[in-house]
């Protein structure tokens with residue numbers, strides 16, 4: 001899947017620095033977050049697109065983690081109103097991302113917000129875990145034919161299958177990436193269950209990734225090693241800032257290290273092919289062994305077992321040919337420690353060429 005000239009699922013990793021609402025409703029802070037994400041080498045920064053009126057009821061309570069970090073004096077709607085970004089805010093942030101050469105992404109929470117992102121011509125649209133069962137929204141976004149990145153936190157595999165089916169009802173062609181996710185803030189390491197990505201990979205013909213809510217710097221790298229082609233990680237300018245998500249987010253220096261680890265994991269992951277890499281080839285001759293003469297052998301002499309040694313380097317027949325060599329005649333005279341090659345023994349079809 002291609003996102004803004006970058007391709008996921010090709011052995012690399014598309015790293016999304018999740019700003020969310022950590023701008024606290026301040027445009028200047030949102031620009032600072034873009035600066036940080038760009039400087040860390042992330043591929044994209046992601047915000048959230050919503051209006052409180054279209055997201056929650058008037059009396060909807062906060063989640064427990066939100067209450068713990070921002071108090072219980074207000075309902076969720078009052079809190080969310082402070083974090084809304086206007087259409088002009090989106091336009092300015094999108095332009096600023098272009099100037100910093102980082103991809104702008106956002107998660108819409110309703111049809112109107114999704115329409116705004118479509119009108120802004122964003123390269124992809126992220127669907128949060130909370131809307132995995134919101135099939136009307138999934139179908140609506142799928143009709144844009146823009147790449148969709150869909151988080152699957154809190155979901156059973158049956159719910160993921162239903163969501164994917166809803167997307168495909170609307171579009172057979174829209175590119176989709178499914179992200180394994182644990183919707184707990186922060187998520188504990190024993191709940192991460194990265195092997196669930198293998199299940200998603202087996203069930204769906206699309207790239208698979210991971211949205212991380214742990215506080216560990218290494219978890220996105222673990223996910224990449226386990227097969228993730230897209231990873232997402234929350235970050236903030238300062239973990240002590242007021243707001244629901246700062247405490248479970250990485251600070252700038254931590255994000256730098258997390259991106260580095262994820263990139264290294266993508267490099268180390270390599271391919272499924274088991275074959276010697278170029279850097280190993282020069283060591284094969286030195287480290288492997290081959291058949292050598294243990295004693296002097298005359299031309300035409302029958303080779304005895306005690307006349308053959310298995311020694312480094314691998315410049316003769318491989319040790320696997322030992323039993324085949326014993327009992328045959330030499331075609332050339334050999335001195336002790338000379339390699340025994342296919343040309344030195346009667347017969348053919350020898351397994352030379354280890355080097």
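The values are calculated or read from the model by the stated rules, or taken from the named source; none is laboratory data. Bear in mind the structure is a predicted one, so any value in this text is a computation, not a measurement. A quick note on method: Cβ atoms are made from the backbone with ideal geometry, for glycine too, and the neighbour counts reach across all protein chains shown.
Quick look at the values:
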{"quantity": "Yes/no for residue 309 being under 30 Å from residue 336 (Cα atoms) and modelled with pLDDT of 95 or more", "calculated": "yes"}
{"quantity": "Any chance residue 253 is without any contact (Cβ under 8 Å) to a residue 24 or more places away in the chain and either out of contact with any helix residue (DSSP H, G or I) (no Cβ under 8 Å at 6 or more places or on another chain) or part of a helix (DSSP H, G or I) (or both)", "calculated": "yes"}
{"quantity": "Condition check for residue 222: surrounded by 16 or more Cβ atoms within 10 Å (Cβ to Cβ) and more than 14 Å from the chain's Cα centre (by Cα)", "calculated": "no"}
{"quantity": "Among residues of region 302-327, those that are surrounded by 14 or more Cβ atoms within 10 Å (Cβ to Cβ) and part of a loop (DSSP other than H, G, I, E, B), counted", "calculated": "8"}
{"quantity": "So residue 232, is it closer than 30 Å to residue 166 by Cα and surrounded by 16 or more Cβ atoms within 10 Å (Cβ to Cβ)", "calculated": "yes"}
{"quantity": "Filter result (over 14 Å from residue 126 (Cβ atoms) and part of a strand (DSSP E or B)) within region 1-22", "calculated": "2, 6, 7"}
{"quantity": "Restricting region 203-212 to residues that are crowded, with 22+ Cβ neighbours inside 10 Å and free of Cβ contacts under 8 Å to residues at least 40 places away in the same chain, the residue that is nearest to residue 189 (Cα to Cα)", "calculated": "212"}
{"quantity": "Members of region 328-348 found to be in contact with a strand residue (DSSP E or B) (Cβ under 6 Å, 6 or more places away or on another chain) and either in a loop (DSSP other than H, G, I, E, B) or more than 17 Å from residue 290 (Cβ to Cβ) (or both), listed by number", "calculated": "328, 329, 336, 337, 338, 340, 346"}
{"quantity": "Restricting region 274-298 to residues that are in contact with a strand residue (DSSP E or B) (Cβ under 6 Å, 6 or more places away or on another chain) and assigned to a loop (DSSP other than H, G, I, E, B), the residue that is nearest to residue 310 (Cα to Cα)", "calculated": "289"}
{"quantity": "Residues being part of a loop (DSSP other than H, G, I, E, B), surrounded by fewer than 24 Cβ atoms within 10 Å (Cβ to Cβ) and in contact (Cβ under 8 Å) with a residue 40 or more places away in the chain - total across region 23-37", "calculated": "2"}
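Residues are listed down the side, and each one gets a yes or a no for (1) within 30 Å of residue 105 (Cβ to Cβ); (2) outside the structural domain of residue 38 (by TED's automatic domain parsing); (3) without any contact (Cβ under 8 Å) to a residue 24 or more places away in the chain:
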| residue | (1), (2), (3) |
| --- | --- |
| 222 | yes, no, no |
| 231 | yes, no, no |
| 284 | no, yes, no |
| 323 | no, yes, yes |
| 330 | no, yes, no |
